[in-house]
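Below: the structure, in structure tokens.
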Amino acid sequence: MEPKTLDHIAFWVADRQPIVDFATRHLGMHVIDEQENFTLVGSNARRGKLTLFVAEGPRDRGALKHVALRVSDLDAARAELPNGSGDEVELGEGVRVRLVEAPTDVDYDLDHVALYTRAPEQTADEYTRLGFDHAQPSEQGNPRVEVGGAYVEFHEGDPGEPERPLLNHLAVLVDSAEEHAAEAEDLGIVESVVDAANTRAVFVWGPDRVRIEYVEHKPTFSLQ
């Protein structure tokens, strides 16, 4: 398994519109795609994005701590937030976004997703078996793995076993979903395979019942 980039983070939410409004007003994003059951937002269709799937609420935090977006100028990004906001804001229904200043050619790209887990070092090792690369710990010392310059970092905590988790899945871009499906079948971790209009994808179960999507953009991929 060889993922190329962290493509998007997907959530289950009861009311997506307030979250979409916040992202488009304050986080440099636009609506990339909107369907009956989901809305996709981001600053660039081919970079890190947020997907909001419609589901019954309320949702449980589960393994998700926050999602971090990378900006080249943190002061300028802060100025776009509502008055009184810090570097971490809640978009609604527990969806928390943190701003991180780092070199980037696309502002508001994904920097990392932070997950709770009972054994951070062990969980990081398990992610390397899914194609992620070991990375240096975060500045706070949290273990993390890397994919295409973005990270998944692991914080000690109880992810629980929620019946209604907030996190739907995290997605990584691959060259061939079919090849990854075959490898995942051998490991016995396939949850589902989806052939959509613009993408092919295989979903697998990762540590702490976090769903991971290996997504391939079809040649017809034309989202803006």
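Kindly indicate the residue of region 149-171 that is assigned to a loop (DSSP other than H, G, I, E, B) and either aliphatic (A, V, I, L, M) or in contact with an Asp or Glu (Cβ under 6 Å, 6 or more places away or on another chain) (or both) and also nearest to residue 130 (Cα to Cα) among those meeting that condition.
It comes out as 159.
Just one of 153, 121 is of a type in the set (Asp, Glu) and surrounded by 20 or more Cβ atoms within 10 Å (Cβ to Cβ); which is it?
The match here is 153.
If you take the residues of region 163-197 that are closer than 17 Å to residue 53 by Cα and surrounded by 15 or more Cβ atoms within 10 Å (Cβ to Cβ), which of them is modelled with the lowest pLDDT?
If we take residues in region 163-197 being closer than 17 Å to residue 53 by Cα and surrounded by 15 or more Cβ atoms within 10 Å (Cβ to Cβ), then 171 is modelled with the lowest pLDDT.
Of the numbered conditions (1) more than 22 Å from residue 7 (Cα to Cα); (2) assigned to a loop (DSSP other than H, G, I, E, B); (3) at pLDDT 95 or above, residue 139 fails exactly one; give the number of that condition.
Of the numbered conditions (1) more than 22 Å from residue 7 (Cα to Cα); (2) assigned to a loop (DSSP other than H, G, I, E, B); (3) at pLDDT 95 or above, the odd one out for residue 139 is (3).
Tell me whether region 6-19 contains one or more residues that are touching a strand residue (DSSP E or B) at 6+ places or on another chain (Cβ under 7 Å) and over 20 Å from residue 167 (Cα atoms).
So far as region 6-19 goes, no, none of its residues is touching a strand residue (DSSP E or B) at 6+ places or on another chain (Cβ under 7 Å) and over 20 Å from residue 167 (Cα atoms).
How about region 21-67: which of its residues are in a strand (DSSP E or B), in contact (Cβ under 8 Å) with a residue 60 or more places away in the chain and within 23 Å of residue 86 (Cβ to Cβ)?
If the condition is that a residue be in a strand (DSSP E or B), in contact (Cβ under 8 Å) with a residue 60 or more places away in the chain and within 23 Å of residue 86 (Cβ to Cβ), then 42, 64, 65 are the ones that fit.
Specify the residue that is modelled with the highest pLDDT; the eligible residues are those in region 198-224 that are in contact with a Lys or Arg (Cβ under 9 Å, 6 or more places away or on another chain) and among the polar types (S, T, N, Q).
Among those that are in contact with a Lys or Arg (Cβ under 9 Å, 6 or more places away or on another chain) and among the polar types (S, T, N, Q), it is 199.
The values are calculated or read from the model by the stated rules, or taken from the named source; none is laboratory data. Note that the coordinates shown come from a computational prediction; the quantities given were computed from them, not determined experimentally. Counting neighbours? That spans all protein chains shown, and the Cβs are built from the backbone with ideal geometry, glycine included.
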